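Structure record follows, encoded as structure tokens.
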Amino acid sequence: MTEYWPRSIAGQIVKALETMPVVVITGMRQTGKSTFLLKQEELKDRYYISFDDFENFEAAKMDPAGFIQSLCRKHEKITIDEAQKIPEILTAIKIIMDRERVPGQFLLSGSANFSLIKGIKESLAGRAIYYNMYPLTRREINRSTNKSFLKSLLETGEPAEINVFEPVQYDDVLKGGMPSVCLDTTINRDLWFKGYEQTYLERDIIGFSQIANIISFRNLMHLAGLRTGKIINISDLARDAKINAVTASRYLSLLEASFIVYLLNPYLNNRSSRLIKSPKLYFTDSGIASFLNKSDYLEGSLFETYIAQNIMGIISSDMPYATVGFWNIQGRHEVDFIIESDRRCVAIEVKMTTKLNYRDISSIKTFLETTPGCIAGLFAYNGEKSIRLADKIWAVPSGVLIS
């Protein structure tokens, strides 16, 4: 039997089930949602079904309301995996909730963002809470249970002293955080990613969207991989993909809906009038981004993508009310990540370099000077020492940042 790696988000899910009638877990396919639903200790007593099962799918498709009502008559706590495949069940669940709200009655999961799928009209607003499961973080892989470095930083304003940590190896970036890849040392990585791409294109995308030209969609997906960690320009992306901007925007929305990519919004609580207001694009998993575009000049962007996926995973598990953005003044300054919580924020610049260069902190200094709520600035590099560089500014190893 394959060993189960507990997920850090479990605490948030279990707590939500104590008060909310519907809890929804979303995330890209193969991040471990089904395994979590079946093997997480606190969820084992729930009745589990999956719409990947043909019989369940057909029964729910034929009579969504009757299917849900039948489940409720037989079981108190119900888990439905891949719920987005039958959008009509959300309306049936709403009817049940309007009659009587029972905390934790429904736990749903899906490998697509319900709000972005055509045909899903019911959001269960006021009845449901949504959580996103990211690929495995280094903390989860290492089974860390102590307070995360980022949470401690936001609470105290100073980096915690961590003497033992694992440096970020570039092979970690190439593996990413998909459980099947990063936990199995014998797997053929490229073969697994190739199969993932084929399954995604041939099953998931076609399953919930009409795409006339799958080749142009695949081409755009690969071109998007070249832009991971970059501010997105739809016109440029459309031109390179040889499609119009409307189609490019729709294809990008499909990648976002299935959690292959996400868009990081700019941090705008700043006095500058030249702030970039377009989002940055990140692939959710650096391993997939690397597979799609093998290029030496992308190493820095892929490294940043790997740090980003760990930050997002830690934030979603440990600090659900925190927000993550970036800061960019056109042609002058850029800070990769701004993490904000309770009107306090920290600024983080990420570089793959192993050496310190004081010029790399100029943007962090500017952000600190113009943002009263910023309590600390970090220059995360791939070195070995944590060093105080200036007032409220530290250099920390990347491995410490995501510990």
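A short reminder: the numbers here are calculations on the coordinates, not readings from a lab. None of these values were measured; they are calculated from a predicted model. Counting neighbours? That spans all protein chains shown, and the Cβs are built from the backbone with ideal geometry, glycine included.
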### Message
How would C72, C182 line up from fewest to most surrounding beta-carbon atoms within 10 angstrom?
### Response
C72, C182
### Query
For the residue pair D342 and Y48, what label-to-label distance in nm results when each label sits 7 Å from Cα along the Cα-to-beta-carbon direction?
3.6 nm
### Query
Can you give the charge dipole size of the range 148-292 about its Cα centre, rounded to the nearest 20 debye, using +1 on the beta carbon of Lys and Arg and -1 on the beta carbon of Asp and Glu?
820 debye
## Note on the structure
Looking only at lysines whose Cα falls under 28 Å of K85's and that sit 8 or more positions away or on another chain, we get K15, K33, K39, K44, K61, K74, K77, K94, K118, K121, K194
### Spacing of the two label points (7 Å from each Cα toward its C-beta) at N142 and I234, in nm
4.1 nm
### Query
Can you give the FRET efficiency for T185 and T35, using 1/(1 + (r/R0)^6), R0 = 22 Å, r = Cβ-Cβ distance, to the nearest 0.05?
0.75
### Task
Scale the Cα Rg of the chain by the rule-of-thumb value 2.2 N^0.38 Å and send over the ratio, two decimals.
1.01
### Task
Among T145, T35, rank each residue by its count of other Cβ atoms within 10 Å, from fewest to most, as a rough exposure measure.
T145, T35
### Summary
Over the chain, the sum of -39500 (n - 2.57) across DSSP H runs of at least four, divided by residue number and rounded to 500 deg cm²/dmol, gives at 222 nm -10500 deg cm²/dmol
### Query
In nm, what is the difference between 0.36 nm times the number of residues separating N357 and R73 and their Cα-Cα distance?
95.7 nm
### Task
Please figure out what share of the DSSP beta bridges in the chain is antiparallel and state it in percent, rounded to the nearest 5.
40 percent
### Task
Name the residue, out of E140, E384, E18, whose mean-square fluctuation peaks in a Gaussian network model built on the chain with Cα pairs under 10 Å.
E18
## Note on the structure
If D391, D81, D285, D360 are placed from fewest to most neighbouring beta carbons inside 10 Å, the sequence is D391, D360, D81, D285
## Note on the structure
For the range 359-403, listing trypsin sites (Lys or Arg not before Pro) in a DSSP loop whose Cβ sees at most 14 other Cβ atoms within 10 Å gives K385
### Summary
1/(1 + (r/R0)^6) with r = Cβ-Cβ of K242 and D63, R0 = 41 Å, i.e. FRET efficiency to nearest 0.05, evaluates to 0.35
### Query
Excluding same-chain residues fewer than 8 positions from K385, which lysines have a Cα within less than 21 Å of its Cα?
K147, K151, K351, K355, K365
